[in-house]
1. Any idea how many residues of region 51-90 are over 22 Å from ASN17 (Cα atoms), surrounded by 14 or more Cβ atoms within 10 Å (Cβ to Cβ) and of a type in the set (Asp, Glu)?
2. Go through region 64-94 and give me each residue that's of a type outside the set (Lys, Arg), over 10 Å from the mean Cα position of the chain (by Cα) and farther than 14 Å from ILE119 by Cα.
3. Read through the list (1) within 25 Å of GLY76 (Cβ to Cβ); (2) of a type in the set (S, T, N, Q); (3) surrounded by 10 or more Cβ atoms within 10 Å (Cβ to Cβ); (4) modelled with pLDDT under 85, then give the number of the only condition that GLN114 fails.
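The values are calculated or read from the model by the stated rules, or taken from the named source; none is laboratory data. Model, not experiment: these values are computed from the prediction. Neighbour counts run over all protein chains shown; Cβ positions are idealised from the backbone, glycine included.
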Amino acid sequence: MSRPTIAEINLNNLKHNWNLLSDGSQSDRIILVVKANAYGHELSLIIQPLLQMGVKRLAVSMLDEAKDVRKMGFKGELLILGPIFKDEWSEIIKLELTPVVSDKDILIDLANNQFTRPIHIKWDTGMHRLGLSMQDTL
């Protein structure tokens, strides 16, 4: 027998938490993760309040989510946390997205193709599951 799970987003609490986190001059360094349809809370209901709160950086898991977020009016930095495929680079550039690179071959491909957008590098910090090792650096 299972119990139904209900999760609710209280937008007033979201705003309060953002104000606590972003107090001061460092709010542009905070990245809010809204992947998986805002963790199942309907991304379309979350984006407008985040825009009104002045959120400047978001992260999603894949290109399709990033496209949706851009269509909803978010113009700030938008990271793609999941894997990036070569056929997606032109759209990543067009939509001004920031990929998270965790693979040496992708890093080399970006360098060889003179990719000039900012990237985030995911380092393997010891789990040996995902990320570049210090030996992978160019």
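1. Qualifying residue count, region 51-90: 3.
2. Hits for region 64-94 are ASP64, ASP68, VAL69, MET72, GLY73, PHE74, GLY76, PHE85, ASP87, GLU88, SER90, GLU91.
3. The single condition GLN114 does not satisfy is (3).
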